[in-house]
Amino acid sequence: MSKVIVVTSGKGGVGKTTSAAAIGTGLALRGKKTVIIDFDVGLRNLDLIMGCERRVVFDFINVINDGIRLNQALIKDKRVDNLFILPTSQTRDKEALAAEGVAKVIEELRKDFDYIICDSPAGIERGAYMALYHADEAIVVTNPEVSSVRDSDRILGILNSKSKRAEHGDDPVKQHLLLTRYDLDRVQRGEMLKLDDVLEILAIPVLGVIPQCGSVLQASNLGMPVVLDDKSKAGQAYKDAVSRLLGEDVDLRYVTPQKRGLVDWLLRRSA
Amino acid sequence: MRFFDFFRLSRRDDSANKAKERLTVLVALDRTGGGGPDFLPLLQRELLEVIRKYVDVDQEKVNVDFQAGTGFSTLEVNVELPNQLAQLRAG
């Protein structure tokens with residue numbers, strides 16, 4: 001049984017591609033045959049985050065419009081077995097995402113893969129609709145910040161009304177919240193929305209909370225999904241999220257303060 | 001300032017609470033379809049003009065409310081008439 005999962009948010013710059021790369025890689029590490037598709041036509045970045053930008057020959061758009069076979073465009077990851085990337089075009093525009101063409105590619109991928117991760121562009125235009133249309137599940141990437149939460153709510157509405165499942169009257173798209181850039185110190189100072197606030201407003205179950213962490217930028221510098229960085233908090237949090245996606249019951253980390261010694265506490269207050 | 005912050009144990013910046021309050025209102029409004037169709041403000045103004053031909057009412061006394069539902073939506077128009085008119089009717 002293959003699953004199509006869209007990674008979406010409405011708002012840009014919240015960590016969609018980082019999350020799609022991390023979760024796709026995490027699923028492959030767990031032995032699931034996974035492909036990550038870049039739907040951001042014209043602003044191709046997934047290959048860069050995955051570190052395979054020099055290996056792109058053909059892309060998603062070539063498969064849809066130019067008679068290129070799917071396995072000519074799929075890039076096999078060199079670090080993780082079972083992991084493939086379907087890059088998009090940097091030069092074409094979103095109109096090249098013909099609905100029937102996208103449907104055909106998804107259908108073909110469903111035969112061969114356990115998980116098909118669709119990395120959505122920002123916004124609520126054609127690219128975003130195409131990315132979410134075929135979804136069985138949706139990971140809504142949200143920052144604890146007003147505009148991001150509002151846009152996430154908008155996207156949830158679109159998933160409930162414009163997805164294939166909604167149009168066909170099937171079971172609704174299963175929705176998950178992935179709260180990224182979570183800064184526990186700021187939350188505790190009352191400067192940042194806390195997880196419970198966001199959950200109360202969006203009213204969907206939480207898949208994971210990714211702490212604000214320098215390792216995310218470092219990983220993107222290197223073209224390595226952050227989930228491969230075993231020492232990073234963000235990497236661990238993404239691994240936990242993958243476990244939950246697979247139906248395991250894992251406690252949330254980095255959402256409650258760790259007990260600190262007096263010296264540590266004094267240092268933090270004066271910092 | 002840092003030095004004094006050090007002693008303020010219960011320093012409380014509640015901007016997060018403000019954010020939550022604003023979001024709760026906004027999201028509820030968004031979910032009803034952005035507060036109704038675009039013509040609502042114009043409808044409210046024209047209704048007010050018509051009513052004013054007959055009765056002297058304030059701007060704030062006419063309230064147009066739109067509720068989007070599944071299947072049908074309702075448009076509720078509330079006009080609060082001035083006191084003298086009510087008395088006239090009673091007499």
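The values are calculated or read from the model by the stated rules, or taken from the named source; none is laboratory data. Predicted, not measured: the structure shown is a model, and the values here were computed from it. Heads up, the Cβs are rebuilt from the backbone with ideal geometry, glycines too, and the neighbour counts pull from every protein chain shown. Side chains are part of the model used for accessible areas, which takes the heavy atoms of the whole protein and leaves out ligands, DNA and RNA. Shrake-Rupley method; radii C 1.70, N 1.55, O 1.52, S 1.80 Å.
When residues of region A:27-54 are filtered for being under 16 Å from A:Ile116 (Cβ atoms), more than 11 Å from the chain's Cα centre (by Cα) and open to solvent by less than 10 Å² (accessible area, probe 1.4 Å), how many remain?
Residues in region A:27-54 being under 16 Å from A:Ile116 (Cβ atoms), more than 11 Å from the chain's Cα centre (by Cα) and open to solvent by less than 10 Å² (accessible area, probe 1.4 Å): 6 in total.
Can you pull out every residue in region A:58-84 that is in a loop (DSSP other than H, G, I, E, B), open to solvent by 70 Å² or more (accessible area, probe 1.4 Å) and modelled with pLDDT of 95 or more?
Across region A:58-84, the qualifying residues are A:Arg69, A:Lys78, A:Arg79, A:Asp81.
In region A:1-54, which residues are more than 21 Å from A:Ile155 (Cα to Cα), in contact with a helix residue (DSSP H, G or I) (Cβ under 8 Å, 6 or more places away or on another chain) and assigned to a loop (DSSP other than H, G, I, E, B)?
Across region A:1-54, the qualifying residues are A:Ser2, A:Arg30, A:Lys33, A:Gly42, A:Asn45, A:Gly51.
For region A:101-126, how many residues are buried (at least 22 other Cβ atoms within 10 Å of the Cβ), small (Gly, Ala, Ser) and over 20 Å from A:Pro172 (Cα atoms)?
0
I'm told A:Gly13 meets every condition in (1) among the small types (Gly, Ala, Ser); (2) open to solvent by 10 Å² or more (accessible area, probe 1.4 Å); (3) on the phi < 0 side of the Ramachandran plot except one. Can you identify the failing condition by its number?
Among (1) among the small types (Gly, Ala, Ser); (2) open to solvent by 10 Å² or more (accessible area, probe 1.4 Å); (3) on the phi < 0 side of the Ramachandran plot, A:Gly13 violates only (3).
Looking at (1) outside any loop (DSSP other than H, G, I, E, B); (2) surrounded by fewer than 21 Cβ atoms within 10 Å (Cβ to Cβ); (3) aliphatic (A, V, I, L, M), can you tell me which one A:Ala131 breaks?
Exception for A:Ala131: condition (2).
Looking at (1) of a type in the set (A, V, I, L, M, F, W, C); (2) touching a residue at least 40 places away in the same chain (Cβ under 8 Å); (3) touching a strand residue (DSSP E or B) at 6+ places or on another chain (Cβ under 7 Å), which is the only condition A:Ala237 fails?
(2)
Considering only region A:186-205, how many residues are without any contact (Cβ under 8 Å) to a residue 24 or more places away in the chain and exposed (fewer than 14 other Cβ atoms within 10 Å of the Cβ)?
Summing the residues that are without any contact (Cβ under 8 Å) to a residue 24 or more places away in the chain and exposed (fewer than 14 other Cβ atoms within 10 Å of the Cβ) in region A:186-205 gives 3.
For B:Leu42, which of the numbered conditions (1) outside any helix (DSSP H, G or I); (2) at pLDDT 80 or above fails to hold?
Failed condition: (1).
Of A:Leu207, A:Leu193, A:Leu159, which residue is at pLDDT 95 or above, within 14 Å of chain B (Cβ to nearest Cβ), in contact with a Lys or Arg (Cβ under 9 Å, 6 or more places away or on another chain) and outside any loop (DSSP other than H, G, I, E, B)?
Just a single option satisfies the conditions, and that option is A:Leu159.
Taking region A:217-235 as the search range and keeping residues that are in a loop (DSSP other than H, G, I, E, B) and open to solvent by 80 Å² or more (accessible area, probe 1.4 Å), which one is nearest to the other protein chains (Cβ to nearest Cβ)? If you could, list the steps in order and put the result at the bottom.
Start the filter on region A:217-235 by keeping residues that are in a loop (DSSP other than H, G, I, E, B), which leaves A:223-225, A:229-232.
Narrowing the set further to residues that are open to solvent by 80 Å² or more (accessible area, probe 1.4 Å) leaves A:230-231.
Working: A:Asp230: 32, A:Lys231: 30 Å.
Looking at residues that are in a loop (DSSP other than H, G, I, E, B) and open to solvent by 80 Å² or more (accessible area, probe 1.4 Å), I get A:Lys231.
Check A:Gly214, A:Gly208 and return the single one that is surrounded by fewer than 22 Cβ atoms within 10 Å (Cβ to Cβ) and either small (Gly, Ala, Ser) or touching a Leu at 6+ places or on another chain (Cβ under 6 Å) (or both).
Residue meeting the stated conditions: A:Gly214.
Inspect region A:159-177 for any residue being under 19 Å from A:Gly13 (Cβ atoms) and buried (at least 22 other Cβ atoms within 10 Å of the Cβ) and give the result as yes or no.
Within region A:159-177 (the criterion being under 19 Å from A:Gly13 (Cβ atoms) and buried (at least 22 other Cβ atoms within 10 Å of the Cβ)), the answer is yes, since at least one residue qualifies.
Name the residues in region A:138-155 that are open to solvent by 10 Å² or more (accessible area, probe 1.4 Å) and more than 13 Å from B:Ala19 (Cβ to Cβ), would you?
Passing the criteria: A:Asp151, A:Asp153, A:Arg154.
With respect to the numbered conditions (1) in a strand (DSSP E or B); (2) closer than 24 Å to A:Leu199 by Cα, which one is the sole condition not fulfilled by A:Ile116?
Only one criterion is unmet by A:Ile116, namely (2).
Residue check: is B:Arg22 facing chain A (nearest Cβ under 10 Å) and modelled with pLDDT under 75?
Judged against the criteria, B:Arg22 is not a match.
Please specify each residue of region A:115-156 satisfying the condition of being among the aliphatic types (A, V, I, L, M), under 13 Å from the mean Cα position of the chain (by Cα) and within 14 Å of another protein chain (Cβ to nearest Cβ).
Matches in region A:115-156: A:Val140 only.
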